[in-house]
Amino acid sequence: MILTFGETLLRLTPDNPYERLASASQLKMGFAGAESNTAAALARLGHLVYHVTAFPENLLGDAAINSLRHAGIQTDYITRSGDRIGAYFIEAGASLRPSRVVYDRAHSSFSEIDAGHFDWKEIFAKKQWFHISGITPALSPACDETALHAVKEAKQAGVTVSFDFNFRRTLWKDKSQAAKSFDRLLQYTDYVFANEGAVKDVFDIGIFDGQDNAENAAEAIRALQTRYGLKGVAFTLREQYSASFNKWSALACIGGQFFYSPVYDIEVVERLGGGDTFGAGLIHGIISGWDPGKILGFATAAAALKHTIPGDIGFLSEKEIFSVMEGNTQGKIER
């Protein structure tokens, strides 16, 4: 059984694809968050997944819980507290115009939790894996302490811990705060998912020049493994030619050995959720006991495929992902 922990947000996007937020008159409503995106992907892959979060006791909180249940996520450990759900607005980019995200999550129910908000000993009983990201400690000092408390409880319970960097500049007042927080969390982490740019931003490790270079990424991976004694580290590698066209691959070091994935050319429909799907693919492969090359290949193909699907969640099956791994990347119609 898998646990994910983090804020699930109200997602609002212009009803017309690629419309600007400044001129949109109608918005589509949904719910998503880095950790619950990962949970949804894992549930689709057949895992029993619980998401730990907090929502207000109102109709939006009810809708958010219903959306998680619809994705196959267990909601037993969700609490109802606070006055509002956090939200984010997305303006989809295209060609030379970047996508933009506007957060509205200050004083949300989740941001006001504290270390005693959840019964972690009960939550971690009979669980196998715990996944968290760098977004949670960024939301408030209380969330930072709660995240640390949670990973400590996970390790005490013998639960494997994975940490997705997910460094968001707009959520941190100072990146030195992120470095201090991440450093504490990584003391209790087994697997790290990241990219070279995020690691450079937080710890000043590596030489990031705007693209994720495999040689520089390998240097950053070695530095992280040496510093924290991690079982495995996986980096996504993105060559971004425009908002609409990327090259996508990944690099991982598991058991002291490096593995490289194939490179995929992607015409991007939606970038959000790609990294979360990558993390889900890694967790799925590790739990399934696959060899490291297959794990990385599966996660990379899953994330590449997710880029072609609108919304944060791809709802991908193993069969679809294996098909991409086998070279079926021309998008031929299936009848």
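General remarks:
- Tally of residues being over 27 Å from GLY311 (Cα atoms) and in contact with a Lys or Arg (Cβ under 7 Å, 6 or more places away or on another chain) across segment 90-123: 0
- Within segment 26-41, being closer than 21 Å to GLU122 by Cβ and touching a helix residue (DSSP H, G or I) at 6+ places or on another chain (Cβ under 7 Å) holds for one residue alone: SER36.
- Residues within segment 3-36 that are in a strand (DSSP E or B) and touching a Lys or Arg at 6+ places or on another chain (Cβ under 9 Å), tallied: 11
- ARG97 meets each of the listed conditions (1) over 18 Å from the mean Cα position of the chain (by Cα); (2) under 25 Å from PRO56 (Cβ atoms); (3) basic (Lys, Arg) apart from (2).
- Considering residues of segment 71-108 that are over 24 Å from LYS121 (Cα atoms) and of a type in the set (Asp, Glu) only, the residue surrounded by the fewest Cβ atoms within 10 Å (Cβ to Cβ): ASP83
- If you go through segment 254-287 and keep only what is part of a helix (DSSP H, G or I), in contact with a strand residue (DSSP E or B) (Cβ under 9 Å, 6 or more places away or on another chain) and buried (at least 24 other Cβ atoms within 10 Å of the Cβ), you end up with GLY274, GLY275, ASP276, PHE278, GLY279, ALA280, LEU282, ILE283.
- Residues in segment 288-335 that are under 19 Å from ASP276 (Cβ atoms), part of a loop (DSSP other than H, G, I, E, B) and among the charged types (D, E, K, R): ASP312 alone.
- Hits in segment 50-96 - residues which are among the aromatic types (Phe, Trp, Tyr) and closer than 23 Å to PHE315 by Cα: TYR50, TYR77, TYR88, PHE89
- Qualifying residue in segment 166-181 (condition: in contact with a helix residue (DSSP H, G or I) (Cβ under 7 Å, 6 or more places away or on another chain), among the basic types (Lys, Arg) and modelled with pLDDT of 95 or more): no
- ILE286 being in contact with a Gly (Cβ under 8 Å, 6 or more places away or on another chain) and farther than 17 Å from SER36 by Cβ: yes
- Looking only at segment 37-70, and only at residues there that are in contact with a His (Cβ under 9 Å, 6 or more places away or on another chain) and in a loop (DSSP other than H, G, I, E, B), the one that is surrounded by the most Cβ atoms within 10 Å (Cβ to Cβ): LEU45
- Meets criteria (at positive phi, modelled with pLDDT of 95 or more and of a type outside the set (D, E, K, R)) for GLY30: no
- Residue in segment 9-27 that is surrounded by the fewest Cβ atoms within 10 Å (Cβ to Cβ), counting only those that are modelled with pLDDT of 95 or more and touching a Leu at 6+ places or on another chain (Cβ under 7 Å): LEU27
- Of everything listed in (1) touching a helix residue (DSSP H, G or I) at 6+ places or on another chain (Cβ under 7 Å); (2) modelled with pLDDT of 90 or more, the single unmet condition for ASN216 is (2).
- Any chance ILE205 is at pLDDT below 90, within 23 Å of VAL151 (Cβ to Cβ) and buried (at least 18 other Cβ atoms within 10 Å of the Cβ): yes
The values are calculated or read from the model by the stated rules, or taken from the named source; none is laboratory data. Here the structure is a predicted model, which is why all the values come from computation and not from measurement. Methodologically, a virtual Cβ is constructed for each residue, glycine included, from the backbone with ideal geometry; neighbour enumeration extends over all protein chains shown.
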